[in-house]
Each structure stands twice: as C-alpha cells, then as structure tokens.
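The values are calculated or read from the model by the stated rules, or taken from the named source; none is laboratory data. Every value quoted in this text rests on a predicted model; they were computed, and no experiment measured them. Neighbour counts run over all protein chains shown; Cβ positions are idealised from the backbone, glycine included. Areas reflect the complete protein model, heavy atoms only, side chains present, ligands, DNA and RNA absent. Shrake-Rupley method; radii C 1.70, N 1.55, O 1.52, S 1.80 Å.
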Amino acid sequence: MRDKIIYWIATLWLALGMVSTGMVQLLRQVSEGALAPPGVWGMTHLGYPVYLLTLLGVWKLLGVVAVLIPKFPLLKEWAYAGFFFLMTGAIYSHLAVGDPLTSLGPSVLLLVLTAVSWYYRKVRSAKSEGRSDM
C-alpha cells in the first residue's frame, strides 16, 4: 500500500509538471526571468530554435497520456525514457550555458519524480500472472 501511495503521488506530480511545461511550450509563452523557463525565452537563452517547443510540448503531453493509461507497459517504459532524456538534456543545457545551479531546480525535480514514478510502477511479469508462454 505504501508503494502504491508513493507511486501515485510521484506520478501525479510528474504528470502535472509535464502537462504544465508542455502547454507553455505548445503555446510558445514568453515569460522572461522565470526560474528555468520552458518557453520561448528559455529556449532562445539556451541556444535552441523556437520550433523545438512544439515537438517537446507534444512529446510531454503524449508521455503523460502513456504513463497514466492502464496497461501498455512497453509504451510506459518509452515514456519514462523520454522524460529521463528530456530532463537530463535540460539539466545539461543549463549547465552548458553557465546558468546558476538554482535554475536546475525544476528539471531536477521532474527528473527525480520520473525516477520515483518509474521505480514504484507496478510491473507484471508473465510468471506473476501465471503464464508460462515466456
């Protein structure tokens, strides 16, 4: 029961973070001065083209859907991997341009939530379901 609670808290916070930043990216919001902004100002500050916002926003929203829908364990694994790559890429990008460590907060938080949600997910193997076809 404890593991299930940890999973849902981490997963819902992860989903909220990914949906909110994904929407900022899809709507191409300009919010200069925000801590590690995921919008237009953040992308240009990091040296990336603005058109990547659409791709990142769509990936985040699709990833949230994949993580929250029941079943489809392989799809969930890909979504978790995508979140991991997105957040480690964001962290590295901020470090590469010399941003202060405080700007890493949102990306590190989402990375930790990704890891916790992935670790506590329920994985059903063929053996635990009583099947012997694997």
Check: What distance in nm separates the simple spin-label points at Asp3 and Ile69, each placed 7 Å from Cα in the Cβ direction?
Finding: 2.5
Notebook entry, point to check: Helix 52-68 versus the longest principal axis of the chain: what angle, 0 to 90°, nearest 10, using Cα atoms?
Noted result: 20
Next item on the list: Name the residue, out of Gly47, Gly39, Gly57, whose mean-square fluctuation peaks in a Gaussian network model built on the chain with Cα pairs under 10 Å.
Entry: Gly47
Notebook entry, point to check: Can you give the accessible area per residue of the chain, in Å², using a 1.4 Å probe?
Noted result: 64
Checklist line | Cα long-axis angle, helix 105-119 against the chain (0 to 90 degrees, to the nearest 10) | finding: 10
Item checked: Separation in nanometres of the label points that stand 7 Å from Cα toward Cβ, at Lys122 and Phe84 -> 2.3
Next item on the list: Sort Asp99, Asp3 from largest to smallest accessible area, using a 1.4 Å probe on the heavy atoms of the protein chains.
Entry: Asp3, Asp99
Check: By how many degrees, 0 to 90 and rounded to 10, does the Cα axis of helix 2-26 deviate from the longest principal axis of the chain?
Finding: 40
Checklist line | the chain - percent of accessible surface contributed by carbon and sulfur, probe 1.4 Å | finding: 72
